[in-house]
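The values are calculated or read from the model by the stated rules, or taken from the named source; none is laboratory data. Please read all numbers here as calculations on a predicted model, not as lab measurements. Here the Cβ is made from the backbone with ideal geometry for all residues, glycine too, and neighbour counts use every protein chain on show.
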Amino acid sequence: MDIVEAICSRKSIRGYKSTPITRGTLKEILGIATRAPSSDNAQAWEITVVTGEVLDNIRWGNVEMLTSGAVPNPDFALGRLEGVYRQRQVELAVQLFQLMGITREDRDKRAQWRQRGFRFFDAPAAIILSADSSLSDSRILLDVGLITQTICLAALNYDLGTCIGVQGVQYPEVVRKFTGIPKSKRIIVSIAIGYPDWDFPANKLESKREPVESITTWCGFE
Ligand SMILES: Cc1cc2nc3c(=O)[nH]c(=O)nc-3n(C[C@H](O)[C@H](O)[C@H](O)COP(=O)(O)O)c2cc1C
């Protein structure tokens, strides 16, 4: 697949077929994605791939925490958005809810939708990115960010869709319990991965972007 086509066709997939992904395919994707650059080539990432019963246990552990009202306690909190960033967040939610036929007043459906994120969108596999606690926040976030996008792009070559998700790792104690990731590693983000169900309404979403001219400053050009 052409690189521009890959970058432009990647989108968050929030509905998957139940078809399993082989370990071999996932290994190939990770082999490609670990070519991602990292500061000082430190490769400040560690990868845990989950499927089957382990993934189901994490899904339902997350949902149990969520529905019991447990306060999320992520190793890395993204923080609340304000101003234009909040506007973009709301716009995304409006687009998703419209596609899914969820009205503002329908608290039940909204809660069910939220749970889906904590269930890794029912994907057949998930990739959890973690990093050693001895590393600085900036090194971790840059390196893990780069490999995360690279995994998502490499997955396209195998007709697989992905959705990067912080929801799945909001309760790191649940992830630790079923994967054995030790406390000495910080759990950063997850990637749901699977064959897209193109009939799933949310997968039709075309997320918006600011035009280049409104976010770019050109220096030294004629
Ligand atoms: C760090 C990060 C965390 C994300 N967490 C979630 C999440 O928890 N739930 C979700 O539905 N989407 C999540 N997303 C997906 C974004 O909403 C999505 O990338 C954005 O809306 C742009 O849409 P696109 O990926 O389809 O281009 C996350 C993306 C990133 C980069």
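Some points to look at:
- Boolean, E210 is surrounded by fewer than 17 Cβ atoms within 10 Å (Cβ to Cβ), more than 15 Å from the chain's Cα centre (by Cα), at pLDDT below 95 and not in a helix (DSSP H, G or I): no
For every residue, the table says whether it meets (1) under 14 Å from the mean Cα position of the chain (by Cα); (2) more than 22 Å from E5 (Cβ to Cβ); (3) of a type outside the set (V, I, T).
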| position | (1), (2), (3) |
| --- | --- |
| R119 | yes, yes, yes |
| A123 | yes, yes, yes |
| I128 | yes, yes, no |
| V144 | yes, yes, no |
| C152 | yes, no, yes |
| C163 | yes, no, yes |
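- The range 101-160, subset polar (S, T, N, Q) and part of a helix (DSSP H, G or I), residue farthest from P182 (Cα to Cα): Q112
- The residue list D137, D143, D108 contains one member that is away from the ligand (no atom under 13 Å from the Cβ) and in contact with a helix residue (DSSP H, G or I) (Cβ under 7 Å, 6 or more places away or on another chain), which is D143.
- Of all residues in the range 43-81, exactly one satisfies the criterion of being surrounded by fewer than 16 Cβ atoms within 10 Å (Cβ to Cβ), outside any loop (DSSP other than H, G, I, E, B) and of a type in the set (G, A, S), namely G52.
- Single residue of the range 161-194 satisfying the filter (near the ligand (Cβ under 9 Å from one of its atoms) and in a helix (DSSP H, G or I)) that is farthest from K204 (Cα to Cα): V169
- Of all residues in the range 179-202 being in contact with an Asp or Glu (Cβ under 9 Å, 6 or more places away or on another chain) and surrounded by fewer than 24 Cβ atoms within 10 Å (Cβ to Cβ), the one that is farthest from K17 (Cα to Cα): S184
- Residue in the range 3-14 that is surrounded by 10 or more Cβ atoms within 10 Å (Cβ to Cβ) and in contact with an Asp or Glu (Cβ under 7 Å, 6 or more places away or on another chain) present: no
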